[in-house]
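So the structure is just underneath, and the comments pick up after that.
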Amino acid sequence: MDRSEALDLVRQHVKKENNVKHMIAVGAVMRRTAERLGQDQDRWEVIGVLHDIDFETCSGAEDHCLKARDLLKGKLDDQGIECIMAHNSAHTKVQVDTPMKMGLIAADASSGLVLACALVMPSKKLSDVKPESVVKKFGSKDFAKGISRERIMLCEQIGIPRDEFLALALEGMRKVATELGL
């Protein structure tokens, strides 16, 4: 499955445009992370785009990713599905034991932090956000309180220092800024 096919599938199951944009953002962060790690950029991006495909149909965190597994069966290989399920490991019990799984969790959380940084800019544009600002906001406990810094820190377990990872997340999202409206 390529990015275009993944987005088509997402749009069949996700109706809220902000949710689609979130998945595009996570895909972009995954692509940039894969590039940094020398991994398959297209595959990592597709996993990021698909990661919340069941979000609008779930009753809560308990069944999130379980429905995704069923939706994606036969369309995505088992390893890809397992990676998506791992980003909700607290409920799916799938081990977070590969760089791609850790990357997805860190990309999911960091995309929210980068978005929040853009939204407090007067222009509301990613192009005006500086990597140092994202790092500073990461350290501010009162900024974007719902974003798990612990999940972002998984980047260090795959060999990318936090500050570099936050800059990669910003770079990745800037590449899809038009699609994000940012």
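Readers should treat all values here as calculations from the given coordinates under stated rules, not as data from a laboratory. Computed from a predicted structure; not experimentally measured. Cβ coordinates were reconstructed from backbone atoms using ideal geometry, including for glycine residues, and neighbour counts include every protein chain displayed.
If you place +1 on the Cβ of every Lys and Arg and -1 on the Cβ of every Asp and Glu, how big does the dipole about the Cα centre of the chain come out, in debye to the nearest 20? It would help to have the intermediate numbers written out before the result.
Numbers: 27 positive and 28 negative charges, 128 e Å.
The calculation lands at about 620 debye.
Which value in deg cm²/dmol, rounded to the nearest 500, describes the helix-derived mean residue ellipticity at 222 nm for the chain, given -39,500 (n - 2.57) per DSSP H run of n ≥ 4 and division by the residue count?
Values: 11 runs with 113 residues, N = 182.
Value at 222 nm, helices only, nearest 500: -18500 deg cm²/dmol.
Using a Gaussian network model of the chain with C-alpha springs under 10 Å, which one of Val134, Val120, Val20 is most mobile by mean-square fluctuation?
Val120
Would you kindly derive the ³J(HN,Hα) couplings of the stretch 95-100 from the backbone phi angles with the Karplus curve 6.51 cos²θ - 1.76 cosθ + 1.60 (θ = phi - 60°), listing them in order in whole Hz, with x for Gly and Pro?
Per residue, the Karplus-derived 3J(HN,Hα) values read 5, 9, 10, 9, x, 5 Hz.
Mind checking which of Gln157, Gln95, Gln12 has the largest fluctuation in a GNM of the chain, springs on alpha carbons under 10 Å?
Looking only at Gln157, Gln95, Gln12, the largest GNM fluctuation is found for Gln12.
Could you identify which residue out of Asp40, Asp52, Asp142 has the top mean-square fluctuation in a GNM of the chain using Cα springs shorter than 10 Å?
Of Asp40, Asp52, Asp142, the Gaussian network model singles out Asp142 as fluctuating most.
What are the semi-axes of the equivalent ellipsoid of the stretch 1-159, taken as the square roots of 5 times the eigenvalues of the Cα gyration tensor, listed largest first and rounded to whole Å?
Numbers: eigenvalues 120, 59, 51 Å².
Its equivalent ellipsoid spans semi-axes of 25, 17, 16 Å.
Applying the Karplus parametrisation 6.51 cos²θ - 1.76 cosθ + 1.60 with θ = phi - 60° to the phi angles of the stretch 159-165, what ³J(HN,Hα) value in whole Hz is obtained for each residue in order, glycine and proline being reported as x?
Running phi through 6.51 cos²θ - 1.76 cosθ + 1.60 with θ = phi - 60° gives x, 10, x, 3, 4, 5, 4 Hz.
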